[in-house]
Amino acid sequence: MIHINNIDKWFGDFQVLEDCSLSVEKGEVVVVCGPSGSGKSTLIKCVNGLEPINAGSIVVDGQTITDSGVNLPKLRSQIGMVFQHFELFPHLSVTENLTLGQLKVLGRSEREAKDKAIKLLQRVGLEDQADKYPGALSGGQKQRVAIARALAMDPVAMLFDEPTSALDPEMIAEVLDVMVSLAEEGMTMIVVTHEMGFARKVANRVVFMDEGRIVEVAATEKFFQGAQSERARYFLSRILYD
Amino acid sequence: MLIVIYAYRLTLAGRLNVQNFDYQVIINALPLLWEGLQLSFLLTALALVLGLLWGTCLAIMRVWGSAPLRWFSAIYVNAFRSIPLILVIFWFYFLVPMLTGESVGQFYSALIAFTLFEAAYYAEIMRAGFNSVSREQYQAGQAIGLTYTQNLRFIVLPQAVRNMTPVLLTQAIILFQDTSLVYVVSLRDFMTTASVIATREGRLIELYLFAAAVYFVICFSGSLLVKRLQKKVAT
């Protein structure tokens with residue numbers, strides 16, 4: 001489904017990604033973790049072309065996103081993305097946030113788009129917030145709306161960029177619940193997160209990154225039982241407080 | 001404020017008292033003053049619209065333009081912001097006829113001067129407005145598949161316009177006050193008319209106090225409106 005092949009990325013003189021490769025199969029959930037500044041967010045932003053890459057290639061659903069002829073907006077519409085700081089559109093109501101892409105990108109009718117929006121809001125438990133503006137919602141509610149906005153485009157895969165790290169602790173569970181149910185339905189997901197409980201529960205594999213490199217890719221249980229690399233073990237010992 | 005203090009000191013000196021204050025001269029002057037005020041409004045409105053149009057072009061050049069356009073816009077904006085408005089008005093009144101051999105008249109020379117001058121300020125306000133929309137908002141638009149122009153139209157511009165409208169309106173109020181500077185080219189706006197009548201009738205205090213009151217009422221109600229709007233935008 002998603003194939004990242006030997007990509008390099010530079011910000012000026014600084015190399016943020018170095019020779020990164022990763023393949024994610026359909027229906028697979030992959031958690032990406034690592035210390036801050038290790039390039040996790042940049043890696044997933046490359047997958048839908050929000051960040052251009054300097055070398056290598058990325059193939060999503062049979063289309064190479066680095067080809068010059070590819071219709072990038074159309075391809076992006078097929079990949080859902082959830083941001084750390086939600087990035088709901090503050091000038092649009094919750095429903096309008098969910099319908100904008102459907103109307104302008106997918107060309108759905110007003111009726112169709114609204115029905116879809118209401119169905120998705122019910123799914124994330126926010127149908128009673130449909131007419132509110134994002135400013136009136138809590139962080140957890142905003143992030144659930146953001147997930148619904150991504151789902152409204154009927155994506156083939158979902159990317160999550162630290163979806164719970166800007167939330168108050170008591171709101172993390174409501175967002176993770178939605179993500180777990182998505183995973184259980186067989187959505188292909190790449191999730192950058194430090195929520196190791198979530199990783200243990202639904203991830204098929206865990207990717208550990210450090211200093212712009214993919215240091216280790218392991219099946220979830222194997223990763224937690226005993227990571228291969230010293231750095232991953234050290235990282236785990238720092239974030240798992242038990 | 002200064003005028004009020006001045007009036008107060010005159011009152012103390014016994015040179016201004018209620019018996020002496022000639023309301024009649026103001027009432028007699030009202031038709032002419034009204035004509036002057038209309039000209040002030042017209043000049044403000046036209047300079048506002050034209051200044052906004054030219055200012056938008058400058059802001060777009062500065063934010064999204066190629067290097068030469070960015071440079072042009074930056075130099076233009078900084079140059080105009082470093083010159084007193086009164087000089088710009090002078091120039092267009094005296095220099096343009098020298099260059100073209102033909103005078104465009106007081107009104108048009110003032111209008112051109114205000115448009116060019118205000119555009120520099122509007123461009124800066126708009127640039128700040130465009131920059132107030134974060135890169136992540138733009139990326140969120142991209143992520144749902146919006147094209148570049150769709151993203152500008154549905155995500156970036158609506159937010160930018162919301163953020164900059166109160167500041168633009170405040171600048172419009174300042175523009176209205178600044179139109180009184182056409183005094184220097186003897187264009188009969190509200191201020192010039194008041195001044196001419198004041199000198200002719202020898203009633204400086206009455207007319208200048210009245211002029212100050214009119215400017216105060218208009219500008220103060222204007223800024224109250226802007227404040228209400230700002231509160232609305234903030235929510």
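For this structure, a couple of remarks:
- In the protein assembly as shown, the calculated helix contribution to ellipticity at 222 nm averages -19000 deg cm²/dmol per residue, counting -39,500 (n - 2.57) for every DSSP H run with n ≥ 4.
- Neighbours of B:THR44 by Cβ distance under 14 Å: Lys/Arg scored +1, Asp/Glu scored -1, total -3.
- Label separation (A:LEU103 vs B:GLN230): 3.2 nm, computed from points 7 Å beyond Cα along the C-beta direction.
- Three principal axis extents of the stretch B:2-234 based on alpha-carbon atoms, in descending order, are 74, 49, 28 Å.
- Most mobile of B:TYR23, B:TYR208, B:TYR93 in a GNM of chain B (Cα contacts under 10 Å): B:TYR23
- Applying both filters, DSSP loop and at most 12 other Cβ atoms within 10 Å, to the GluC sites (Glu not before Pro) of the stretch A:1-90 gives A:GLU25.
- Taking 7 Å steps out from each Cα toward its Cβ at A:LYS222 and B:LEU69 produces label points 5.4 nm apart.
- Measuring nothing but protein heavy atoms, the accessible surface of the stretch B:2-234 at 1.4 Å probe radius is 68 percent carbon and sulfur.
- When chains A and B come together, the accessible area they lose, probed at 1.4 Å and totalled over both chains, is close to 1700 Å².
- Isotropic mean projected area of the C-alpha convex hull, the protein assembly as shown (nm²): 32.5 nm²
- Accessible area per residue (1.4 Å probe, heavy atoms of protein chains only) ranks A:TYR133, A:TYR234, B:TYR76, A:TYR241 as A:TYR241, A:TYR234, A:TYR133, B:TYR76, with the largest value leading.
- Per residue, the convex hull spanned by the alpha carbons of the stretch B:122-203 comes to 99 Å³.
- The accessible area of A:THR164, taken with all protein chains in place and a 1.4 Å probe, comes to roughly 10 Å².
- Nitroxide proxy distance, nm - points 7 Å out along Cα→Cβ at B:GLU102 and A:SER36: 6.6 nm
- For the stretch B:190-235, radius of gyration divided by Kirkwood radius, i.e. Rg to Rh on alpha-carbons: 1.31
- Environment charge at A:MET1 (Cβ cut-off 10 Å; Lys +1, Arg +1, Asp -1, Glu -1): -2
- Spherically averaged projected area in nm², based on the convex hull that wraps the Cα atoms of chain A: 13.4 nm²
- As a fraction of the 1.4 Å probe accessible area of chain A, surface on carbon and sulfur atoms comes out at 46 percent.
- Dipole magnitude of the protein assembly as shown about its Cα centre (Cβ charges: Lys, Arg +1; Asp, Glu -1), debye to nearest 20: 1040 debye
- The stretch A:11-121: radius of gyration over Cα atoms, expressed as a fraction of 2.2 N^0.38 Å: 1.26
The values are calculated or read from the model by the stated rules, or taken from the named source; none is laboratory data. What you are looking at is a predicted structure, and each value in this text was computed from that prediction instead of being measured. As a convention, Cβ positions derive from the backbone with ideal geometry for all residues, glycine included, and neighbour counts pool all protein chains shown. Heavy atoms of the whole protein, side chains included, go into the accessibility calculation; ligands, DNA and RNA do not. Shrake-Rupley method; radii C 1.70, N 1.55, O 1.52, S 1.80 Å.
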